[in-house]
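Before any comments, here is the structure.
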Amino acid sequence: MSMDPCPEVRRPDGTLRAFVEARQLVPDIILPILSRAEDLAHGAPPVPVSLASSATLFFQQPSTRTYLSFAHAAGSLGYHTADLRDMRTTSFEKGESLEDGLRTIAELSELVILRQPNHEALLDFIRTSAALPRPPIVVNAGSGPSEHPTQSLIDVATLHRRGILDPSGGPKKIVFVGDLQRSRTVNSLLDVLLGWRHLTFVFVPIAGLGPSTCRIQALQAMGRTFEVCDDLDEALTNADAVYLQRLQDEYGGGDTQKHEQELESLRLTPARMDLLPPHAVVLHPLPRRREIDPATDHDPRAGWWETVRYGRFVRTALLEALQPESPS
Ligand code: ASP
């Protein structure tokens with residue numbers, strides 16, 4: 001069963017309209033999407049949207065990969081796409097409220113892909129847009145430090161392809177490194193990975209930037225094994241997967257210079273890569289700063305470019321699964 005953040009993520013007939021939080025991604029929902037993404041990556045044609053449908057990408061926060069892969073995914077399904085990325089070119093400059101701006105987008109689009117700083121504002125939009133004559137599909141492409149569920153979906157795709165999610169091979173250890181507190185990709189990925197009981201977690205955070213209290217509580221409540229550790233080299237020696245994250249200093253708080261210095265000491269260098277078992281995989285949602293030495297890009301355990309490349313097909317499969325309602 002999927003865990004819905006509010007009833008309005010579904011249409012009255014029960015079909016999914018809005019994809020906003022990682023906890024919606026239980027294995028039963030994820031696995032068919034990943035299987036379809038694999039077909040798409042091998043050349044299967046996308047199933048086009050049935051009517052002349054419009055997709056709006058509303059991105060109030062910066063993006064390269066998420067924006068491009070969603071734009072290409074929506075285009076490959078036949079959506080006419082338009083975007084609002086530079087808020088100075090919109091009526092917000094004239095004092096329009098976020099609510100009115102979003103209502104306008106909802107009135108003009110069958111699909112709305114949103115990246116903005118406030119998760120509560122996103123949930124409000126899901127609720128209010130449900131009452132419109134033609135409620136659009138809504139996809140969260142990142143909501144402040146809270147959630148980035150489609151990044152988790154593509155991270156999970158790489159973990160799945162590399163065998164980490166297969167419970168038949170026994171317990172698997174995932175090491176999280178860096179700014180684990182303000183990272184929406186870490187938050188969302190932890191929520192999704194709770195669905196796989198054979199996984200155990202090791203956190204190697206920058207001091208003071210460990211996983212959020214609510215994620216620790218969720219791990220405890222689900223009876224999952226985890227530890228916080230300060231010896232990265234030791235953690236790497238028997239890791240099955242590693243997830244690195246940059247400093248999320250755009251959200252403020254703490255001493256950035258000190259945090260950067262500490263992250264430097266956790267940098268993934270070729271020598272560190274060699275500590276990992278041969279079957280391991282390393283992920284990073286990108287953009288990277290200095291957390292990963294680019295000299296490691298060609299190591300077979302490096303999974304970050306594979307995640308970028310494959311992410312387009314995963315997002316296409318997700319949008320296919322969220323097809324617009326047929327007109328009545
Ligand atoms: N691109 C990811 C995000 O939008 C990771 C990051 O920015 O650090 O959250």
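Each value in this text was obtained by applying a stated rule to the coordinates, not by laboratory testing. All values reported here derive from a predicted model rather than from experimental measurement. Note: ideal-geometry Cβ built from the backbone for every residue, glycine included; neighbour counts use all protein chains shown.
Going by the conditions given, is ARG85 touching a residue at least 24 places away in the same chain (Cβ under 8 Å), within 16 Å of the ligand (Cβ to nearest atom) and not aromatic (Phe, Trp, Tyr)?
Taking the combined requirement at face value, the residue satisfies it.
Within segment 3-47, which residues are surrounded by 15 or more Cβ atoms within 10 Å (Cβ to Cβ) and not hydrophobic (A, V, I, L, M, F, W, C)?
ASP4, PRO5, GLU8, ARG10, ARG17, GLU21, ARG23, GLN24, ARG36, GLU38, PRO46
Does VAL281 meet the test of being surrounded by 15 or more Cβ atoms within 10 Å (Cβ to Cβ) and either within 16 Å of the ligand (Cβ to nearest atom) or farther than 25 Å from GLN248 by Cβ (or both)?
It is false that VAL281 is surrounded by 15 or more Cβ atoms within 10 Å (Cβ to Cβ) and either within 16 Å of the ligand (Cβ to nearest atom) or farther than 25 Å from GLN248 by Cβ (or both).
Among the residues of segment 293-309, is there at least one that is within 16 Å of the ligand (Cβ to nearest atom), touching a residue at least 60 places away in the same chain (Cβ under 8 Å), over 30 Å from GLU110 (Cα atoms) and loosely packed, with under 15 Cβ neighbours inside 10 Å?
The answer is no, given that none of the residues of segment 293-309 is within 16 Å of the ligand (Cβ to nearest atom), touching a residue at least 60 places away in the same chain (Cβ under 8 Å), over 30 Å from GLU110 (Cα atoms) and loosely packed, with under 15 Cβ neighbours inside 10 Å.
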